[in-house]
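Down below is the structure, laid out as structure tokens.
The values are calculated or read from the model by the stated rules, or taken from the named source; none is laboratory data. Owing to the predicted nature of the structure, the values given are computational and were not obtained by experimental measurement. Neighbour counts run over all protein chains shown; Cβ positions are idealised from the backbone, glycine included.
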Amino acid sequence: MLRLLRTFFCLAALLGAGRTLLHAQDIGNPKEAWIYRLATGWVDYSSPALSPSGDTVYVGIVRQGSGRVLAIAAATGDKRWELTLPQRIDSTPTVAPNGTVYIGCYDGKMYALDPDPNKPDSQRVKWFKQTDAPISSSAAIGADGTIYFGSGDE
């Protein structure tokens, strides 16, 4: 079944202002549904990704060398959770049909994250795969559930 969404999401960096904004825009309405303002100094290289249910937007961001994954309520723009990773994130999150969020990090790990907003951050990481180089690519999920991603390994 094809489900059409009436809202689209985008990130916009305000050059010179040191800020990044996550916008939600209703296609049929010229006014924005909401704006989520990221903290000063945050830079984005990631595109937003939507959960299978359409109720959560995920994005990877960078702040002074560390990475953060944000889960934002699609309807309201409220933050559901935020996870800090040890190094920058340049990849776009990939969301599996079961809701698991996959994201690569410059620490050389591909992380599988539990999307449950009631989980404490200490239990957010389901597992990770260590590589020998930074991961800046986004993952792809095969029909059989295999996770494919690239890193700077030789």
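Before moving on, here are some points about what is shown:
- Flag if ASP153 is at pLDDT below 90 and in a loop (DSSP other than H, G, I, E, B): yes
- Any chance GLY54 is at positive phi, part of a loop (DSSP other than H, G, I, E, B) and surrounded by 18 or more Cβ atoms within 10 Å (Cβ to Cβ): no
- Count of residues meeting criterion [over 17 Å from ARG63 (Cβ atoms) and in a loop (DSSP other than H, G, I, E, B)] in segment 94-113: 6
- If you filter segment 137-154 down to residues that are out of contact with any Lys or Arg (no Cβ under 9 Å at 6 or more places or on another chain) and surrounded by 15 or more Cβ atoms within 10 Å (Cβ to Cβ), you find that the one that is farthest from ARG88 (Cα to Cα) is ILE141.
- Which listed residue, of ALA96, ALA112, ALA140, ALA73, is modelled with pLDDT under 95 and hydrophobic (A, V, I, L, M, F, W, C): ALA73
- Residue list for segment 57-74, restricted to those being in a loop (DSSP other than H, G, I, E, B) and touching a Leu at 6+ places or on another chain (Cβ under 8 Å): ALA74
- Qualifying residue in segment 43-58 (condition: modelled with pLDDT under 75 and under 27 Å from GLY108 (Cβ atoms)): yes
- Counted residues, segment 75-93 - those being in a strand (DSSP E or B) and buried (at least 21 other Cβ atoms within 10 Å of the Cβ): 1
- Among the conditions (1) polar (S, T, N, Q); (2) touching a residue at least 12 places away in the same chain (Cβ under 8 Å); (3) over 13 Å from GLY60 (Cα atoms), the only one that ASN118 does not satisfy is (2).
- Put simply, of ASP116, ASP132 the only residue that is acidic (Asp, Glu), over 22 Å from PRO52 (Cβ atoms) and either in a loop (DSSP other than H, G, I, E, B) or within 16 Å of the chain's Cα centre (by Cα) (or both) is ASP132.
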